[in-house]
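The values are calculated or read from the model by the stated rules, or taken from the named source; none is laboratory data. Source: prediction; values computed, not measured. Cβ coordinates were reconstructed from backbone atoms using ideal geometry, including for glycine residues, and neighbour counts include every protein chain displayed. These area figures cover heavy atoms from the full protein model, side chains too; ligands, DNA and RNA do not enter into them. Shrake-Rupley method; radii C 1.70, N 1.55, O 1.52, S 1.80 Å.
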Amino acid sequence: MADHISASLPRLADALLDVGARLREIGAELHALQVEPAVQDNVADAPAARPAPVTPAASHPQPGPSPTPTAPHPQPAPSPLSTPAVPRPQPAPSPHGSPAVQPTPWYPPHQPPPPPGPTVWERLSRDGAGSRILAWAGGVVTLAGVVLLLILAIQRGYLGPLPRVLLGAGLGFVLAGIGTRLHRTPAARTGAYALAATGVAVLYLDVVAATSLYRFLPAWGGLVAGLAVTAGGVALAGRWGSQLFAVFVVVCCAVSAPVITGGFDTLLLCFLLVLLAGTTPVQLAKRWGQLLLAAGVPPVVAAVVNVGLAGQIGADATITAVLAGVTSAVVILLATATTLRRPDEEFALIVLYLAPVPGMLAALLLPRPGATILPAAVGALLIGVWALGHRTAMRPVFALSAGGIGSLAIVQATATAFDGDARAIAFLAEALLVAVLAVRVRLAAALAPAALFGLIGFVIALAYPVRPTLVTRPPAWVLDTSTAVSLGLTGVVLAAAVIVLCWAGFRLEVLSAEEHTPHGWVPAGLVALYGSTAALVAVGLLISPDRDGFLLGHVLVTVSWTVGALVLLLRGIDSGVMRVAGLSLVIAALAKLVLFDLSSLDGMARVAAFLVAGLVLLAAGARYAKLVAARSR
């Protein structure tokens, strides 16, 4: 056995030496593959080599034996394990002969994803989580016990009204005092926050009870006392740097106050507005978005509920509507101030969406003048916020949201103020006015509400005052004057509004002159032709409110289109746009003659339409040819 092992050792050593040599060859091949691209890059990037100066020895070779050529370095055989080299693309040569150097592209560094936040289980597993939960849960239960005790004392007559109020005030001061003392010890601050917050909430609810239940304080006195308690408690929370403290006070007071007042009424809404006002300074100073949401939502909800229950609780509808409007205005202003101070605040946008609801719903409680003024005031305030956003660093989505909601409020006010045919005229007039103002102040975004008003006015106009049956069919009976006047006014305003909107779009570069000029005016021109047709038919109906007036109106339409085409052609001899518009109007006039006048008109109306239109076209052709010839000369 030993002899066999001794004989095998030399063969094993030879095999290991062969393996080592093979590994060295593979390493050399890999090194050559790695170095070759770098050498090519250096050669490509290096400047063209200058020719070496010729030395005398080089120019006159000495006699002697020729130098022995150097044998080339043996290249290793390709290995089956090696990867074939891929030829690297060379940069294109420059005009001077050397290859152009291409800049290396820069890629931004990879940003790692943000680490995930702690889960609920991790939050609950932290040290001190149990103490915080117990402390705040104890505060909620204590506050609920105070409210239940107050209700039970009222139902069963325990003590008297004054002792109940004094005991509540004493309990609130004691809890707040204990919390303030415990706050001096860092280890006991969790319980200090809960005790102090519970004490402040008890004091606020005690003020509400003393004002609404027992009438110990007048309404204004109770509101002042509630403002003082809220401001003091939230200021303490701000001093301690605890947003949870402030949110606890606001939420508990907002939830418990309706239980004490016995439901929703105007006094409760006033107390909630006081609660909002007391938190505003600290919320703006400390940048506490959750406090904004906690204090801004309860007044909005209470105002909406008051509007819904106004008929059932017997409250004055006017006072309820006015308070709803005030609530919307206050919350809108607060959300605006917050977003100006903190443009990235998401809760301010949520509050803005909710704020206009009470003011817009409260219009249902008022007669037409009040129902128009209230949403118009809310809309004007929101439009002002939107305009302010274009002059300050306000968040764009906040400003656009304010402008959109404000436009809807203006639409509601307009629809309430007018009815019948006048509603379409009002919307179109608003579109015209807003478009002119947008061009005047150079604010392209203002064209969005102008287009909205114009679209609504156009739809209403087609449905009522300028419906197609009035324009295309003669009246079956004598048409009243008011209908003819409404037809004419709506047609004029419709044509003017659509032309001004299109002009404003090009003027403010919303529509590109290069891209939209050929076809951007086509929709506006068609609508303007329809509006002008309605206006001229109305002129004929005012002259004679029957079939004869209808026929006269359409003769005027055909003649006016032809004259308008002549004016555009003559005035636009140097303008391609006006020439195209004039020729288009000529085509429209001819199409109307053939498709409508020939079949719908009869008698002298048909003859007059064809004769007058033909003569105008002849004159236009002669005059236009003369101008073109003079221009070419």
State whether one or more residues within region 207-228 are farther than 25 Å from residue 299 by Cα, in contact with a helix residue (DSSP H, G or I) (Cβ under 9 Å, 6 or more places away or on another chain) and of a type in the set (A, V, I, L, M, F, W, C).
-> no
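I'd like to check something: does region 538-545 contain any residue that is at pLDDT 75 or above, within 30 Å of residue 481 (Cα to Cα), assigned to a helix (DSSP H, G or I) and touching a Lys or Arg at 6+ places or on another chain (Cβ under 9 Å)?
Taking region 538-545 as the starting set, the residues that turn out to be at pLDDT 75 or above are 538-545.
After this cut, where a residue has to be within 30 Å of residue 481 (Cα to Cα) as well, the list is 538-545.
If we keep only those that are assigned to a helix (DSSP H, G or I) as well, we get 538-543.
If we keep only those that are touching a Lys or Arg at 6+ places or on another chain (Cβ under 9 Å) as well, we get none.
No, that holds for no residue.
Determine whether residue 335 is open to solvent by 10 Å² or more (accessible area, probe 1.4 Å) and under 23 Å from the mean Cα position of the chain (by Cα). If you could, list the steps in order and put the result at the bottom.
Working: open to solvent by 10 Å² or more (accessible area, probe 1.4 Å): no; under 23 Å from the mean Cα position of the chain (by Cα): yes.
Here the answer is no, as residue 335 does not meet what is asked.
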Subset of region 346-364 (residues that are open to solvent by 30 Å² or more (accessible area, probe 1.4 Å) and over 14 Å from residue 327 (Cβ atoms)) = 346, 347, 350, 353, 364
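Between 285, 254, which is under 17 Å from residue 296 (Cβ atoms) and touching a Pro at 6+ places or on another chain (Cβ under 7 Å)?
Details: 285 fails: touching a Pro at 6+ places or on another chain (Cβ under 7 Å).
None of the others qualify; the one that does is 254.
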Within region 437-450, the residues that are in a helix (DSSP H, G or I) and either touching a strand residue (DSSP E or B) at 6+ places or on another chain (Cβ under 6 Å) or open to solvent by 50 Å² or more (accessible area, probe 1.4 Å) (or both) are 437, 440, 441, 448
Could you tell me which of the residues 226, 199 is in contact (Cβ under 8 Å) with a residue 40 or more places away in the chain, open to solvent by less than 10 Å² (accessible area, probe 1.4 Å) and in a helix (DSSP H, G or I)?
-> 226
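Just to be sure, is residue 508 modelled with pLDDT of 90 or more and in contact with a helix residue (DSSP H, G or I) (Cβ under 8 Å, 6 or more places away or on another chain)?
no
Any idea how many residues of region 535-547 are open to solvent by 20 Å² or more (accessible area, probe 1.4 Å) and touching a residue at least 12 places away in the same chain (Cβ under 8 Å)? Can you show your working first?
Taking region 535-547 first, the residues open to solvent by 20 Å² or more (accessible area, probe 1.4 Å) are 536, 539, 542-547.
From what is left, the residues that are touching a residue at least 12 places away in the same chain (Cβ under 8 Å) are 536, 539, 542, 545-547.
Here the count works out to 6.
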Considering each residue of region 478-511, count those that are touching a Phe, Trp or Tyr at 6+ places or on another chain (Cβ under 7 Å) and of a type in the set (Asp, Glu), and give that number.
-> 0
Residue check: is residue 512 farther than 20 Å from residue 435 by Cα and either more than 29 Å from the chain's Cα centre (by Cα) or open to solvent by less than 60 Å² (accessible area, probe 1.4 Å) (or both)?
-> no
Residue among 249, 282, 259, 330 that alone is under 26 Å from residue 383 (Cα atoms) and of a type in the set (Val, Ile, Thr) | 330
Could you list all residues from region 409-422 that are free of Cβ contacts under 8 Å to residues at least 40 places away in the same chain and open to solvent by 50 Å² or more (accessible area, probe 1.4 Å)?
-> 418, 419
Hey, any hits in region 258-271 for a residue that's at pLDDT below 90, out of contact with any helix residue (DSSP H, G or I) (no Cβ under 8 Å at 6 or more places or on another chain) and in a helix (DSSP H, G or I)?
-> no
Find all pairs meeting these conditions: Cβ atoms under 9 angstrom apart; at least six residues apart or on different chains; first residue within region 577-590 and free of Cβ contacts under 8 Å to residues at least 12 places away in the same chain and open to solvent by less than 80 Å² (accessible area, probe 1.4 Å); second residue assigned to a helix (DSSP H, G or I) and aromatic (Phe, Trp, Tyr).
-> none
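Answer yes or no as to whether residue 494 is modelled with pLDDT of 90 or more, in a helix (DSSP H, G or I), hydrophobic (A, V, I, L, M, F, W, C) and open to solvent by 30 Å² or more (accessible area, probe 1.4 Å).
Values: modelled with pLDDT of 90 or more: yes; in a helix (DSSP H, G or I): yes; hydrophobic (A, V, I, L, M, F, W, C): yes; open to solvent by 30 Å² or more (accessible area, probe 1.4 Å): no.
No, not satisfied.
Residue under question is residue 217, and the condition is that it be surrounded by fewer than 24 Cβ atoms within 10 Å (Cβ to Cβ) and outside any helix (DSSP H, G or I); does it hold?
Numbers: surrounded by fewer than 24 Cβ atoms within 10 Å (Cβ to Cβ): yes; outside any helix (DSSP H, G or I): yes.
Taking the combined requirement at face value, the residue satisfies it.
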Residue among 428, 437 that is under 28 Å from the mean Cα position of the chain (by Cα) and within 28 Å of residue 544 (Cα to Cα) | 428
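Identify all residues within region 303-323 that are aliphatic (A, V, I, L, M) and either open to solvent by 40 Å² or more (accessible area, probe 1.4 Å) or at pLDDT 95 or above (or both); write none if there are none. It would help to see each step written out before you state the result.
Going residue by residue through region 303-323, those that are aliphatic (A, V, I, L, M) are 303-305, 307, 309-310, 313, 315, 317, 319, 321-323.
Answer for region 303-323, where residues must be aliphatic (A, V, I, L, M) and either open to solvent by 40 Å² or more (accessible area, probe 1.4 Å) or at pLDDT 95 or above (or both): 304, 305, 309, 313, 319, 322.
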With respect to residue 278, determine if the residue is assigned to a helix (DSSP H, G or I) and either closer than 23 Å to residue 385 by Cα or free of Cβ contacts under 8 Å to residues at least 12 places away in the same chain (or both).
-> no
